[in-house]
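*Asks:* Just passing along the structure, written as structure tokens.
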Number of protein chains: 2
Amino acid sequence: MTGRSAISAQHRALLTERLLACLGKDNIVLDVESQRPWECDALPLYRDLPLLVALPATVAQVKTVLQVCHEFDVPVVARGAGTGVTAGSMPHPEGVLLSLSRLDRILDIDPLARTARVETGVSNLAISAAAAQYGLYYAPDPSSQIACSIGGNVAANSGGVHCLKYGLTTHNLLAIKALTVEGEELALGSAGLDSPGYDLMALMTGSEGLLAVVTEVTVKLLPVPQAAKLVLAGFDSVRAASDAVGAIIAAGIIPAGLEMLDRLTIQAVEDYVNAGYPRDAEAVLLCELDGTEEEVAEHTATVSALLGELGASTLHVARDEAERALLWKGRKAAFPAVGRLAPDYYCMDGTIPRAQLAHVLEQIALLSKEYALPVANVFHAGDGNLHPLILFDAGNPEEIRKAEAFGARILTLSVEVGGSITGEHGVGLEKIRQMPAQFGEAELLLFEEIKAAFDPALNLNPGKGIPILKRCQEYRALPARHRHD
Amino acid sequence: MTGRSAISAQHRALLTERLLACLGKDNIVLDVESQRPWECDALPLYRDLPLLVALPATVAQVKTVLQVCHEFDVPVVARGAGTGVTAGSMPHPEGVLLSLSRLDRILDIDPLARTARVETGVSNLAISAAAAQYGLYYAPDPSSQIACSIGGNVAANSGGVHCLKYGLTTHNLLAIKALTVEGEELALGSAGLDSPGYDLMALMTGSEGLLAVVTEVTVKLLPVPQAAKLVLAGFDSVRAASDAVGAIIAAGIIPAGLEMLDRLTIQAVEDYVNAGYPRDAEAVLLCELDGTEEEVAEHTATVSALLGELGASTLHVARDEAERALLWKGRKAAFPAVGRLAPDYYCMDGTIPRAQLAHVLEQIALLSKEYALPVANVFHAGDGNLHPLILFDAGNPEEIRKAEAFGARILTLSVEVGGSITGEHGVGLEKIRQMPAQFGEAELLLFEEIKAAFDPALNLNPGKGIPILKRCQEYRALPARHRHD
């Protein structure tokens with residue numbers, strides 16, 4: 001895939017033998033059919049099979065896998081729960097797929113320091129579940145939080161509905177432990193707010209498994225808010241809903257979440273889970289306020305009044321916790337709901353300045369006509385983090401081509417209006433061609449140099465995340481159907 | 001200082017001539033007496049004079065200075081307001097001191113996006129002043145905020161009283177523009193919450209001028225809280241005050257600020273500004289609550305009740321804004337107040353887990369006796385970010401030696417209890433010897449490699465921030481791929 005010459009049968013047999021000896025046969029998956037669960041992440045457009053899948057159960061075993069792979073000079077692709085949507089953890093055909101899902105122990109919850117120290121494979125939601133007994137929780141909440149691992153969250157610098165108020169993964173970390181490609185231990189960050197030296201923890205966060213393999217994460221916990229209210233507002237146009245997003249922020253309120261769904265998404269969600277959204281609206285906003293009882297009451301009144309003035313055609317505050325949960329269920333089920341409308345969907349992740357929301361959504365609607373592919377929009381409106389879902393049929397090569405070209409146009413547009421090609425999903429394999437639209441030569445060269453500082457042989461997750469200009473195999477290595485040259 | 005051989009008189013004359021031609025004589029300071037204002041930062045224990053001081057007024061001029069210095073292969077030390085306390089911007093005797101104080105324009109305030117885009121030399125407080133008309137402010141608030149520059153805040157990843165609730169500089173940035181040592185432009189971050197590629201903006205933040213020169217910063221602004229209340233509590237022991245810090249946090253409250261002052265500091269402050277602290281207390285806590293009126297009222301009641309239960313000997317809520325300002329004035333004047341007690345003080349900056357507060361303060365008291373040097377403690381207790389001020393006389397070489405040894409013991413102790421050698425002040429020249437106490441070989445080697453990726457000739461602020469272990473023969477003996485010469 002990266003122009004790397006194929007590993008010899010003999011070399012492969014030796015590598016396999018070594019890993020079997022170190023990990024035992026229950027922790028190594030060799031045959032192709034058993035490897036299928038690991039062939040792709042949640043972007044099944046891209047799939048491949050590795051030399052083998054390693055399933056270490058301890059950090060010591062992870063270290064061994066890395067040391068052996070280093071000795072054999074083969075690629076290693078680390079994988080958490082495989083919920084990523086950019087093919088970032090797709091296996092390398094000449095390398096080892098290092099699954100970290102068995103490292104799922106919660107090591108320590110400290111209610112006084114308000115921290116949780118957990119192994120890399122622990123799911124995002126499991127942290128909050130373990131902290132609940134102390135009235136604490138972990139704030140970043142990707143839609144996949146029931147499954148996605150904290151190590152994967154670090155790799156992608158994941159966001160979520162609540163990141164508008166509480167920040168991304170990088171804002172909620174205190175320390176990480178990681179292993180270099182040679183298997184050396186790194187301890188980054190500290191129990192304090194800041195650390196000396198370059199901020200390697202922040203550098204690791206969002207680095208998509210290219211720099212080192214995270215084995216342990218210490219996160220900040222927050223007190224569960226006393227109260228939360230959800231305001232639902234329907235609008236007759238996407239522009240009116242977009243303007244309302246700006247108005248709420250401009251009113252000096254930071255909602256705990258501020259999400260938008262467009263008409264196609266609303267219909268899909270209602271058909272799927274009956275969340276109670278107004279079917280006649282062109283766009284729906286969900287605005288959550290949290291804090292003390294009084295603060296929430298005041299902000300709910302302010303937001304409701306504002307949305308009314310701005311022409312909301314529907315305006316409703318969730319009556320109780322059950323209704324609030326149902327309204328959120330609709331949002332959280334939006335991806336699978338839209339997934340029922342077509343054989344496949346392609347989720348983009350451009351992030352734009354809030355003031356550009358209406359303009360960019362209108363442009364996306366025009367592009368949808370141009371490419372003759374429907375698009376459903378459901379996204380973190382408060383953050384300006386778009387998630388257009390382009391509907392297509394992966395069984396039709398022409399539709400794959402069109403969907404990818406449409407997606408690329410959205411990303412270029414995001415950069416043009418001052419935003420970025422990804423808000424929280426990462427670059428992976430999917431967006432690597434858009435990196436030169438985002439960055440100039442100087443930045444791309446620094447990316448390469450930093451990669452080389454950690455991983456000079458380019459064995460960690462090769463071909464993902466950053467284009468290696470000096471080599472340029474990555475592009476050639478893309479499966480032919482994804483190349484547009 | 002870095003073993004660099006002295007620049008020849010001819011080379012120096014040529015360099016000076018080129019910079020004079022590019023910047024004009026009003027923007028270059030050559031004679032020694034005129035250079036005195038730049039010979040040290042706020043840690044006057046370390047001082048030196050540069051080849052020359054350059055005072056560019058535009059980014060284009062900064063670029064020229066860097067290009068010329070790169071051509072002449074001379075060190076460049078970038079300096080904001082010179083308020084740092086680790087000798088991080090002390091001039092290099094063989095290099096150019098690049099003052100950025102004339103880049104002080106506020107370029108844009110966007111109330112909808114809640115951002116401010118400013119030049120690097122703009123003072124921290126000037127950002128909030130400019131944003132005030134929109135009801136917004138910039139949250140991180142170093143004690144030196146009236147003077148310190150935003151570029152310096154980025155270099156140090158500065159904190160402040162309000163960082164417990166609102167985060168450090170790194171948590172409040174959206175984008176930066178910088179120039180590499182060669183004068184190439186870097187654009188890092190974006191108007192969106194996240195960016196693809198490695199997080200070079202986070203890497204730059206706290207990098208102490210070693211990687212590139214920041215020229216422009218886009219920060220997040222926050223709505224000015226509706227209300228704020230300050231609770232003052234006196235305690236009969238440092239341990240009781242320390243325990244109260246943990247109890248407030250454990251009660252699920254995140255104060256906007258939670259500061260502690262010990263007996264010596266209280267006396268010094270009262271003698272200096274009459275802030276109204278209880279002179280008979282062994283320790284004082286200042287706990288600020290902010291938010292909506294109702295939230296603040298509720299939290300103030302909770303905190304007051306808690307502090308009463310925990311044995312506060314004095315308990316008082318500031319009656320009005322005037323008294324709140326006076327109580328804060330005492331905290332903000334604590335350094336100069338303590339400065340009146342001895343010819344000099346040496347401020348440490350270790351950060352420790354909150355649970356270790358009482359233990360570490362007791363150890364510091366014992367060390368104070370061992371070294372026969374008084375110490376005053378005034379610090380960000382909620383963050384566990386200590387600021388012990390060791391009193392000594394810099395006119396007495398033995399006292400300098402003792403003060404530095406005492407300081408080193410505090411830093412080692414901070415690391416031993418799971419904390420770090422610096423919370424917000426950076427490493428500079430002062431703490432570079434403690435870096436191996438904090439980091440292992442693997443991390444230190446990565447720091448070096450990252451430095452080399454940005455600045456292979458080690459010309460940006462050499463000798464500061466990170467120890468360069470592998471220069472000279474060892475470095476030259478490295479395989480070519482690790483060498484950047």
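*Asks:* Could you tell me how many of the residues in the range A:326-345 are under 12 Å from A:Ala376 (Cα atoms) and surrounded by 20 or more Cβ atoms within 10 Å (Cβ to Cβ)?
*Replies:* Within the range A:326-345, residues that are under 12 Å from A:Ala376 (Cα atoms) and surrounded by 20 or more Cβ atoms within 10 Å (Cβ to Cβ) number 5.
*Asks:* Here is a further query. Tally the residues that are within 7 Å of another protein chain (Cβ to nearest Cβ), touching a helix residue (DSSP H, G or I) at 6+ places or on another chain (Cβ under 6 Å) and not in a helix (DSSP H, G or I), restricting the search to the range A:201-216.
*Replies:* 1
*Asks:* Name the single residue, out of those in the range B:3-24 being among the polar types (S, T, N, Q) and loosely packed, with under 15 Cβ neighbours inside 10 Å, that is modelled with the highest pLDDT.
*Replies:* Ranking the candidates gives B:Gln10 first.
*Asks:* Sticking with this one: Condition first: among the charged types (D, E, K, R), under 24 Å from B:Leu136 (Cβ atoms) and in a strand (DSSP E or B). Now tell me which residues in the range A:217-262 satisfy that.
*Replies:* A:Glu259
*Asks:* Restricting to strands (runs of 3 or more DSSP E) lying wholly in the range A:52-129: which have 1 or more residues that are farther than 24 Å from A:Gln145 by Cα?
*Replies:* Numbers: elements: A:52-54, A:76-79, A:96-99, A:106-110, A:115-119.
In the range A:52-129, the matching strands (runs of 3 or more DSSP E) lie at A:52-54, A:76-79, A:96-99.
Every residue, every condition in (1) assigned by TED's automatic domain parsing to the domain that holds B:Ile266; (2) crowded, with 18+ Cβ neighbours inside 10 Å; (3) of a type in the set (Phe, Trp, Tyr), yes or no:
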{"residue": "B:Ala355", "(1), (2), (3)": "no, yes, no"}
{"residue": "B:Leu361", "(1), (2), (3)": "no, yes, no"}
{"residue": "B:Leu367", "(1), (2), (3)": "no, yes, no"}
{"residue": "B:Glu370", "(1), (2), (3)": "no, no, no"}
{"residue": "B:Leu373", "(1), (2), (3)": "no, yes, no"}
{"residue": "B:Val378", "(1), (2), (3)": "no, yes, no"}
{"residue": "B:Asn385", "(1), (2), (3)": "no, yes, no"}
{"residue": "B:Pro388", "(1), (2), (3)": "no, yes, no"}
{"residue": "B:Phe392", "(1), (2), (3)": "no, yes, yes"}
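*Asks:* Here's a follow-up. Could you look through the range A:415-452, keep only residues that are more than 20 Å from A:Gly209 (Cα to Cα) and more than 8 Å from chain B (Cβ to nearest Cβ), and pick out the one that is surrounded by the fewest Cβ atoms within 10 Å (Cβ to Cβ)?
*Replies:* A:Glu441
*Asks:* In addition: If you scan the range A:281-306, which residues turn out to be of a type in the set (A, V, I, L, M, F, W, C) and assigned to a strand (DSSP E or B)?
*Replies:* A:Ala283, A:Val284, A:Leu285, A:Leu286, A:Cys287, A:Leu289
*Asks:* Here is a further query. Which of the numbered conditions does B:His299 fail, given that it passes all the others? Conditions: (1) surrounded by 19 or more Cβ atoms within 10 Å (Cβ to Cβ); (2) touching a helix residue (DSSP H, G or I) at 6+ places or on another chain (Cβ under 9 Å); (3) under 23 Å from B:Gly311 (Cα atoms).
*Replies:* Every condition holds for B:His299 apart from (2).
*Asks:* Residue by residue through the range B:326-351, note down the ones that are assigned to a helix (DSSP H, G or I), touching a Leu at 6+ places or on another chain (Cβ under 9 Å) and farther than 15 Å from B:Met260 by Cβ. Before the answer, list the steps.
*Replies:* First, pick out the residues of the range B:326-351 that are assigned to a helix (DSSP H, G or I): B:326-332, B:334-339.
Then keep just the ones that are touching a Leu at 6+ places or on another chain (Cβ under 9 Å); that gives B:327-328, B:330-331, B:334-335, B:338-339.
Of everything in the range B:326-351, just one residue is assigned to a helix (DSSP H, G or I), touching a Leu at 6+ places or on another chain (Cβ under 9 Å) and farther than 15 Å from B:Met260 by Cβ, namely B:Gly339.
*Asks:* Sticking with this one: Under 22 Å from A:Ser195 (Cα atoms), under 24 Å from the mean Cα position of the chain (by Cα) and modelled with pLDDT under 90: does that describe B:Arg433? Spell out how you get there, then give the answer.
*Replies:* Values: under 22 Å from A:Ser195 (Cα atoms): yes; under 24 Å from the mean Cα position of the chain (by Cα): yes; modelled with pLDDT under 90: yes.
Against the criterion (under 22 Å from A:Ser195 (Cα atoms), under 24 Å from the mean Cα position of the chain (by Cα) and modelled with pLDDT under 90), B:Arg433 qualifies.
*Asks:* Exactly one condition in (1) touching a strand residue (DSSP E or B) at 6+ places or on another chain (Cβ under 6 Å); (2) surrounded by fewer than 20 Cβ atoms within 10 Å (Cβ to Cβ) is false for B:Val53; which is it?
*Replies:* Condition not satisfied by B:Val53: (2).
*Asks:* Can you find even one residue in the range B:183-200 that is more than 11 Å from every other protein chain (Cβ to nearest Cβ) and in contact with a helix residue (DSSP H, G or I) (Cβ under 6 Å, 6 or more places away or on another chain)?
*Replies:* Taking every residue of the range B:183-200 in turn, none turns out to be more than 11 Å from every other protein chain (Cβ to nearest Cβ) and in contact with a helix residue (DSSP H, G or I) (Cβ under 6 Å, 6 or more places away or on another chain).
*Asks:* Looking at A:Ala187, A:Ala191, can you tell me which residue is more than 19 Å from the chain's Cα centre (by Cα) and touching a residue at least 60 places away in the same chain (Cβ under 8 Å)?
*Replies:* Just a single option satisfies the conditions, and that option is A:Ala191.
*Asks:* Additional query: Taking the range A:130-177 only, how many residues are without any contact (Cβ under 8 Å) to a residue 24 or more places away in the chain and of a type in the set (D, E, K, R)?
*Replies:* Result for the range A:130-177: 1.
*Asks:* Inside the range A:152-171, can you point out the residues that are outside any helix (DSSP H, G or I) and either in contact with a strand residue (DSSP E or B) (Cβ under 7 Å, 6 or more places away or on another chain) or within 10 Å of chain B (Cβ to nearest Cβ) (or both)? Quick ask: steps written out before the conclusion?
*Replies:* Keep residues of the range A:152-171 that are outside any helix (DSSP H, G or I), which gives A:157-162, A:167-168.
Correct list: A:Asn157, A:Ser158, A:Gly159, A:Val161, A:His162, A:Gly167, A:Leu168.
*Asks:* Look at A:Leu174 and say whether it is assigned to a strand (DSSP E or B), at pLDDT below 95 and outside the structural domain of A:Val74 (by TED's automatic domain parsing).
*Replies:* Yes.
*Asks:* Quick check on A:Gly246: is it within 11 Å of another protein chain (Cβ to nearest Cβ) and in contact (Cβ under 8 Å) with a residue 12 or more places away in the chain? Spell out how you get there, then give the answer.
*Replies:* Details: within 11 Å of another protein chain (Cβ to nearest Cβ): yes; in contact (Cβ under 8 Å) with a residue 12 or more places away in the chain: yes.
Spelling it out, A:Gly246 is indeed within 11 Å of another protein chain (Cβ to nearest Cβ) and in contact (Cβ under 8 Å) with a residue 12 or more places away in the chain.
*Asks:* Continuing with the same structure: Quick test for you: out of A:Glu288, A:Glu294, pick the one residue that is of a type in the set (Asp, Glu) and under 22 Å from the mean Cα position of the chain (by Cα).
*Replies:* Details: A:Glu294 fails: under 22 Å from the mean Cα position of the chain (by Cα).
Every option except A:Glu288 fails the conditions.
The values are calculated or read from the model by the stated rules, or taken from the named source; none is laboratory data. Keep in mind the model is a prediction, meaning the values are calculated, not measured. Because the Cβ atoms are built from the backbone with ideal geometry, glycine has one as well, and the counts that use them run over all protein chains shown.
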